[in-house]
Amino acid sequence: MKQIRYILSLLSAILALAGCASKDEITNSTAAPDVASGAVVSSEAIVESPDDNYRTWYEIFVYSFCDSDGDGIGDLNGVTSKLDYLEELGINGIWLMPIHPSSSYHKYNVTDYYAIDPQYGTMEDFENFMAECEKRDIHVILDLVLNHSGSEHAWFKEAVSYLQGLEEGEEPNAEDCKYLDYYFFKKEKDSKYCVVEGTDWYYEACFNYDMPDLNLHNENLRAEITEIMKFWLDKGVAGFRLDAAKEFYSGQVDKNIEVLAWIQETAESLKPDVYLVAEVWESFLQIAEYYKSGITSIFNFAFGNADGKIINVLRGAGQPDRVTTYATALEKADKAYGASNPEYIDAPFLSNHDVGRIAGFCTHHEQKTKLAGAMNLFMSGSTFIYYGEEIGMVGSGNDPSKRAPMYWNDARDNGTTNPPPECELPDEYPFGSLEHQTGDENSIYNYYRKAIEIRNAIPSISHGRTTAEAELNKGCVSAFRKTSDYGTSIVLMNIQEENAAADLAAYGDWMLAASLSADGNPVVMDGTTLQLPAYGTAVLVLKEETPN
Ligand code: CA
C-alpha cells in the first residue's frame with residue numbers, strides 16, 4: 001500500500017515538473033502548486049514513511065465503538081468492520097483498551113490474561129481482526145494491566161482461599177501457595193488495603209477492592225507476565241500499552257523505573273521492534289525521569305489533558321506571551337526526554353478514557369478544537385487519538401460518560417452501541433455525527449483527515465527533533481522546526497482569531513508543503529509573505545530535501 005502511494009506521489013511529481021513550473025517559480029507563486037488547487041500535501045513534499053513505531057494511533061474502547069451482533073455492546077467484529085473507516089482516516093495503529101475477560105464493563109480488572117471477554121467475541125474474532133489489520137498495515141497494541149489483576153482472577157482467588165483455610169495462629173507459607181507472593185498481603189490495615197473476607201489479613205488495592213495490586217518483583221509472576229506478552233506477540237500484536245505504571249509501587253519512582261526497565265528488556269527479547277507505551281500520569285520532569293527506564297514511550301501528560309500545554313496555549317489564544325512559549329516547551333520537553341533516553345518516542349495525546357474530551361476543554365470552539373487536533377498530530381513521536389475525537393465528540397463527568405458510544409450517525413443505528421452503565425449522554429453533540437460531518441469539507445472530521453494525511457506524508461513531522469524557530473516564533477504565530485533523517489520541516493500555527501502573516505524572505509530555500517484551514521480561509525503565500533488565517537497552520541519543507 002505504502003509503495004503504491006509512493007509511486008503515485010512520484011508520478012504526480014514528475015507530471016508536475018514536466019508540465020508546470022520550476023521550483024523557483026513555485027516559491028514565488030501565490031500558493032504552493034497543488035496545495036493551491038486543493039491537494040492536502042504538495043506532491044513534491046511527500047516522502048515515503050518508514051515502517052517503524054512512529055505511528056498515528058487510535059485508542060478504542062471496544063464496548064462503545066461498534067456493535068456487530070445487535071446486543072448493544074461493541075465487539076471485535078464491530079471494530080473489524082470499521083477498519084476501512086480508520087484506514088481512510090489515515091490511522092496506522094490501534095490501541096485496544098482491555099479485551100480480556102473481566103467482571104467490569106471497562107475490563108481493567110482482568111480475570112484471564114489469555115482470553116477474549118465473551119462480550120467482545122472470540123479468539124477467532126480477534127485473529128480475524130489481526131489479519132484484517134495486517135492487510136492494511138495497521139499495528140495493534142493491547143492494554144496490558146499489570147499493576148493489579150481482577151479480584152476474580154484465579155491467582156487471587158487461590159491466595160485468598162489459602163488464607164481463609166489457615167488454622168487459628170497458623171502462619172502462611174508461600175511454598176504451599178505460590179500466589180500469596182503475587183500480591184501484597186499483611187495483617188495491618190493500611191490505607192489502600194482491603195480485608196480478606198473471614199480473616200484478619202489485608203491486601204493492597206490501590207484503585208478498588210476488586211483490583212488487588214500485583215507484586216511485580218516476584219519472579220514467578222514475572223515468568224507469567226513474560227508468557228502473557230509472548231502469547232499476544234505470537235498473535236501478531238506490535239506491543240502493549242502499560243496501564244497505571246506510576247502505581248506499580250505508588251510513590252516509589254525508582255522501583256517503578258526498575259519494573260519498566262524489566263518489561264522493556266523482556267518484551268524486546270521476545271520481539272526486538274516491540275512498541276511499548278506507558279501510562280505515567282505525571283508532570284514533564286517526572287516523565288523525563290521515567291524515561292531513564294529505557295521504555296520506548298510514555299504518554300505526554302505535560303501536553304495533553306485539560307491542564308496540559310496544548311489547552312493552556314489555546315486558552316491563552318491571542319496572547320503572544322503564551323503562544324510563543326508553545327514552541328519552546330516542545331523543544332524543552334524533547335531535550336529533557338531525549339537526555340534520559342535518546343531512543344525515546346514521544347507519545348502525545350489530547351484526551352483518553354480517563355479524562356474529559358478535547359472539544360469540551362475547548363468550550364466547543366470549533367476552530368480551537370481543530371487546531372488542538374493539529375497541535376497534537378504535529379507533535380513528534382507516536383500520536384494518539386481517542387475514538388470520537390475526530391468528530392469533536394464531547395464527554396466529561398463520571399468515567400462512563402467519557403467513554404460514550406461512537407457517534408456514527410444521527411439515527412444512532414447500524415453498529416451504534418448502548419452507552420456503558422451510568423453514562424450520561426449530552427443532549428446533543430455540538431458538531432454532529434460522523435455521518436453529518438463526512439460531506440462537509442470544513443468539518444472537524446475532514447480537518448482531522450487532512451491533518452493526519454499531512455503527518456503521514458511528511459515524516460519529519462513525526463520523526464523530527466523539535467526546536468523553536470526563533471525568527472518565525474513571534475506574535476501569535478507558533479513556529480517550530482523538525483529535523484530528521486527524513487527531511488526538515490517548519491510548522492507555523494496562528495493561535496488567535498485574527499489573521500497573521502509570517503515574513504519568509506529569509507526562507508527562500510523552503511516551500512509551502514501543506515496547510516490546514518480551521519476557518520475555511522486558505523493559507524496563502526503572497527510573494528515571500530505567508531498569510532495565515534485564524535487558527536491556520538502551514539508546513540514548510542526544505543526544497544533541496546524534497547525527493548524530486
Ligand atoms: Ca455486540
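The values are calculated or read from the model by the stated rules, or taken from the named source; none is laboratory data. Because the structure is a prediction, the values reported are computed rather than measured. Quick reminder, even Gly has a Cβ in these numbers, built from the backbone with ideal geometry, and neighbours come from all protein chains shown. Accessible surface areas use protein heavy atoms only, side chains included; no ligands, DNA or RNA. Shrake-Rupley method; radii C 1.70, N 1.55, O 1.52, S 1.80 Å.
Given a Förster distance of 56 angstrom, what is the FRET efficiency for Asn208 paired with Asn499, based on the Cβ-Cβ distance and rounded to 0.05? Numbers along the way, then the final one.
Details: r = 51 Å, r/R0 = 0.91.
The pair Asn208/Asn499 has a calculated efficiency of 0.65.
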ask   = What are the residues whose amide H is under 5 Å from the amide H of His148, where those residues sit 5 or more places off or on another chain and H is modelled from the backbone?
value = Leu214
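Rounded, prolate or oblate: which fits segment 154-204, taking a ≥ b ≥ c as square roots of the Cα gyration tensor eigenvalues, rounded meaning a/c under 1.5, else prolate when a/b beats b/c? Mind showing how you got there, number by number?
Details: a/c = 1.67, a/b = 1.22, b/c = 1.37.
Oblate, because a/c is 1.5 or more while a/b does not exceed b/c.
Could you check how much of the accessible area of the chain is carbon and sulfur, as a whole percent, using a 1.4 Å probe? Spell out each step's value before the answer.
Numbers: 9970 of 21140 Å².
Looking at the chain in its full context, I get 47 percent from C and S.
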query = Assigning unit charges at the beta carbon (Lys, Arg +1; Asp, Glu -1) and nothing else, what dipole magnitude in debye, to the nearest 20, does the chain show about its Cα centre?
reply = 1800
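Is segment 185-249 best put as rounded, prolate or oblate by its Cα gyration tensor, with a ≥ b ≥ c the root eigenvalues, rounded for a/c under 1.5, and otherwise prolate when a/b is larger than b/c, oblate when not? Don't jump to the answer; show the numbers that get you there.
Details: a/c = 2.88, a/b = 2.25, b/c = 1.28.
It is prolate, given that a/c is not under 1.5 and a/b is the larger ratio.
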note = Tilt, helix 154-164 to longest principal axis of the chain (alpha-carbon atoms), in degrees rounded to tens, equals 30
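So what is the calculated 222 nm ellipticity per residue for the chain, using -39500 (n - 2.57) for each DSSP H run with n of 4 or more, over all residues, to the nearest 500 deg cm²/dmol? The partial results should precede the final answer.
Values: 18 runs with 177 residues, N = 548.
Rounded to the nearest 500, the figure is -9500 deg cm²/dmol.
Quickly rank 212-219, 230-237 as a protection proxy: mean count of other C-beta atoms within 10 Å, highest first. Write down the numbers at each step before the final one.
Details: 212-219: 19.4, 230-237: 16.0.
Packing order, densest peptide first, comes out as 212-219, 230-237.
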query = Can you list the aspartates and glutamates whose alpha carbon sits under 17 Å from that of Lys187, skipping same-chain ones fewer than 8 residues off?
reply = Glu167, Glu168, Glu170, Glu171, Glu197, Asp200, Glu204, Asp213
ask   = What's the FRET efficiency of Ser161 with Thr226 using the Cβ-Cβ distance as r and R₀ = 22 Å, to the nearest 0.05?
value = 0.25
query = Which peptide among 421-431, 447-457, 161-171 comes first, and what is the full order, when sorted by highest mean count of other Cβ atoms within 10 Å?
reply = 447-457, 421-431, 161-171
key: Tilt relative to the chain, helix 253-270 - C-alpha long axis, 0 to 90 degrees, to 10   = 80
inquiry  = Past 19 Å, Cα to Cα: identify those pairs from Lys309/Lys368; Lys230/Lys271; Lys157/Lys178; Lys332/Lys370; Lys309/Lys332, in the order given.
reply    = Lys332/Lys370
key: √(5λ) per eigenvalue of the Cα gyration tensor, the chain, largest first, Å   = 45, 24, 22
note = Cross-link reach from Lys255 to lysines, straight Cα distance under 18 Å and at least 8 residues apart if same chain, gives Lys246, Lys292
ask   = So what's the net charge close to Ala534: Lys and Arg +1, Asp and Glu -1, counting the other residues with Cβ under 13 Å from its Cβ?
value = -2
ask   = Angle, helix 2-19 long axis vs. longest principal axis of the chain, Cα atoms, 0 to 90°, nearest 10?
value = 10
Surface per residue (accessible, 1.4 Å probe) for segment 154-204, Å² = 63
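Please state the charge dipole magnitude for segment 154-204, taken about the Cα centre, from unit charges on C-beta atoms (+1 on K and R, -1 on D and E), reported in debye and rounded to the nearest 20. Walk me through the numbers before you get to the answer.
Details: 6 positive and 13 negative charges, 65 e Å.
Computed about the Cα centre, the dipole is about 320 debye.
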note = HN-Hα couplings for segment 301-318 via Karplus (6.51, -1.76, 1.60; θ = phi - 60°), in whole Hz with x for Gly/Pro, come out as 5, 5, 10, x, 6, 5, 10, x, 4, 4, 5, 4, 5, 5, 5, x, 3, x
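Within 12 Å, Cβ to Cβ, of Asn352, how many net charges do the neighbouring residues add up to if Lys/Arg are +1 and Asp/Glu are -1?
On the way: positive: Arg241, Arg357, Lys402, Arg403; negative: Glu59, Asp143, Asp243, Glu279, Asp354, Glu389, Asp399.
Overall, the nearby charge balance is -3.
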message = Let me check I've understood the local charge: for Ala288, count other residues with C-beta under 13 angstrom from its C-beta, Lys and Arg +1, Asp and Glu -1. What total comes out?
response = -1
task = Assuming 0.692 mPa s and 37 °C, estimate D for segment 466-548 with Stokes-Einstein, Rh taken as the Kirkwood radius over Cα pairs, in µm²/s.
result = 258
